[in-house]
1. Given just the C-alpha atoms of the chain, how large is their convex hull per residue in cubic angstrom?
2. How high is the FRET efficiency from residue 82 to residue 62, r the C-beta distance, R0 45 Å, rounded to 0.05?
3. Compactness ratio of region 168-219: Cα Rg over 2.2 N^0.38 Å, N = residue count?
4. At 1.567 mPa s and 4 °C, plugging the Kirkwood radius over alpha-carbon pairs of region 51-150 into Stokes-Einstein gives what diffusion coefficient in µm²/s?
5. Quote the accessible area belonging to residue 168 in square angstrom, nearest 10, computed with a 1.4 Å probe and with ligands, DNA and RNA left uncounted.
6. Roughly speaking, what is the stretch gain from residue 197 to residue 148, that is 0.36 nm per residue apart minus the C-alpha to C-alpha distance, in nm to one decimal?
7. Rounded to the nearest Å, what's the spacing between the alpha carbon centres of region 164-218 and region 74-150? Just the number, please.
8. If R0 is 25 Å, what FRET efficiency do you get for residue 89 and residue 47 from their C-beta distance, rounded to 0.05?
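The values are calculated or read from the model by the stated rules, or taken from the named source; none is laboratory data. It should be emphasised that the depicted structure is a prediction, and the values quoted were computed from it without experimental measurement. Neighbour counts run over all protein chains shown; Cβ positions are idealised from the backbone, glycine included. To get the accessible areas, we keep the full protein, side chains included, count just its heavy atoms, and leave off ligands, DNA and RNA. Shrake-Rupley method; radii C 1.70, N 1.55, O 1.52, S 1.80 Å.
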Amino acid sequence: AEVAVATRKWACLNEKATMREPITIEDVLQSPMIAEPLHLLDCCLMSDGGGAVVVASKKAAANAKKKPVWVLGHGEKQTHNSVAFMDDLTVTGAKESGRQAMQMAGITHDEIHVVQVYDSFTITVILTLESLGFCKPGEGGAFVSGQRTAPGGPFPLNTSGGGLSYLHPGMFGIFLIIEAVRQLRGECEKRQVENAKIALVNGTGGTLSSTSTLVLGRD
């Protein structure tokens, strides 16, 4: 519920977000049960939409109208086909893809200013944060408590409002990249994270079976 409320607070600052009405912990816990223990407000939206990014060489980027955001690191991991064959339901491939991306970028967790992760459900966020190593296994709930990931908190997360409140057109991953780029360019107005220079983006696909992690940065 902490995740859903914090994400909605970010959406309230995004004029393009689908859901902008403030919600409380009690609202989440009292919303209709969808699949125990997930309530309606624990689940992502269903909407239309599309996004695009341009990936260019350093030479081509020099001619762009806007300052480029650099790909500092990247990692991918496929762990299983069917969720029935998942080795551990509490660990996703982000454990490996995150390690690869951060190692390539040469950074530590403490150097990341803003994080965007796929939020198909509130539990996906907690699993991903644990697997990425921002907190230890089993500590994700405590990590996000106290609205730590909300605007003004010490861990800016899913600053667009995420799939839970911004939009969710089936494949949400590209919007994680777009929001990270906007944050690093300082284009997010009311929801702008101050002095954001490094962003981590993690997308999850399949049945928690495929993850891809990016570390992005600006000059």
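1. Per residue, the Cα convex hull of the chain comes to 123 Å³.
2. Working: r = 46 Å, r/R0 = 1.02.
E(calc), rounded to 0.05, equals 0.45.
3. Details: Rg = 12.3 Å, N = 52, 2.2 N^0.38 = 9.9 Å.
For region 168-219, the normalised Cα radius of gyration comes out at 1.25.
4. Details: Rh = 15.7 Å.
Rounded to a whole number, D works out at 82 µm²/s.
5. Per-residue accessible area (residue 168): approximately 20 Å².
6. Numbers: separation 49, 0.36 × 49 = 17.64 nm, distance 1.97 nm.
15.7 nm is the gain from fully extending residue 197 to residue 148.
7. Using only Cα atoms, the two centres lie 14 Å from each other.
8. Details: r = 28 Å, r/R0 = 1.11.
Efficiency, rounded to the nearest 0.05: 0.35.
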